[in-house]
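The block underneath contains the structure these notes are about, expressed in structure tokens.
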Amino acid sequence: MTSNGAAPQHHLLANDSASDWLGIEVLGLEDGHATITMTLRPEMMNGFGVTHGGMVFAFADSAFALACNPAQGGAGFVTVASGVDVNFLAPTHTGQRLTAVANRRQQQGRSGLYDVQVTAADGGISTVVAEFRGRSRTVPNKHVK
């Protein structure tokens with residue numbers, strides 16, 4: 001929350017239909033850091049009755065993008081993924097609330113390294129369900145005139 005009690009905002013979310021569909025809420029934003037949350041819905045489950053890995057990946061990827069890019073936008077530049085690794089550690093289910101915490105570990109020039117930890121809350125107990133490591137690259141934004 002911001003000092004006035006409002007949820008933090010990020011310019012990337014203004015036109016992000018995927019994060020909107022996921023139901024992502026931003027809890028915290030700082031330079032190189034983002035904390036987001038979402039509740040798992042039935043349409044996010046796979047044929048095994050657990051959350052589809054792509055949903056967990058997309059959720060972590062959204063936290064990564066928010067941590068990589070300044071909330072107000074960059075002067076003609078965007079930071080995108082150059083590669084990621086994800087490890088799924090535990091299954092999740094409909095109704096659970098996921099939280100992703102993304103942190104920049106290193107920045108050298110236009111390249112960065114970020115870790116995102118995804119946890120699931122269930123009955124007051126929080127479990128780490130995925131670890132995501134993202135490599136970023138800052139590039140010119142070809143959509144800025």
**Request:** Kindly list the number of the only condition in (1) without any contact (Cβ under 8 Å) to a residue 12 or more places away in the chain; (2) more than 30 Å from Ile125 (Cβ to Cβ) that fails for Asn46.
**Result:** (2)
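Table: residues versus (1) under 19 Å from His10 (Cα atoms); (2) within 14 Å of the chain's Cα centre (by Cα).
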| residue | (1), (2) |
| --- | --- |
| Gly49 | no, no |
| Asn69 | yes, yes |
| Gln72 | yes, no |
| Ala75 | yes, no |
| Val78 | yes, no |
| His93 | no, no |
| Arg104 | yes, yes |
| Ala130 | no, yes |
**Prompt:** Tally time: how many residues in the range 31-45 are more than 12 Å from Thr99 (Cα to Cα) and either at pLDDT 95 or above or touching a helix residue (DSSP H, G or I) at 6+ places or on another chain (Cβ under 7 Å) (or both)?
**Reply:** 7
**Message:** If the requirement is being at pLDDT below 95 and of a type in the set (Phe, Trp, Tyr), which of these qualifies: Phe77, Phe48, Phe64?
**Reply:** Phe77
**Complete:** When (1) farther than 14 Å from Ile36 by Cβ; (2) under 17 Å from the mean Cα position of the chain (by Cα); (3) among the small types (Gly, Ala, Ser) are applied to Ser111, the one that fails is (2)
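Would you check if there is a residue in the range 81-98 being among the β-branched types (Val, Ile, Thr), without any contact (Cβ under 8 Å) to a residue 24 or more places away in the chain and under 26 Å from Pro42 (Cα atoms)?
Of the range 81-98, the ones among the β-branched types (Val, Ile, Thr) are 84, 86, 92, 94.
Then keep just the ones that are without any contact (Cβ under 8 Å) to a residue 24 or more places away in the chain; that gives none.
No: zero hits.
The values are calculated or read from the model by the stated rules, or taken from the named source; none is laboratory data. On a predicted model such as this, the values are computed, not experimentally measured, just so you know. As a convention, Cβ positions derive from the backbone with ideal geometry for all residues, glycine included, and neighbour counts pool all protein chains shown.
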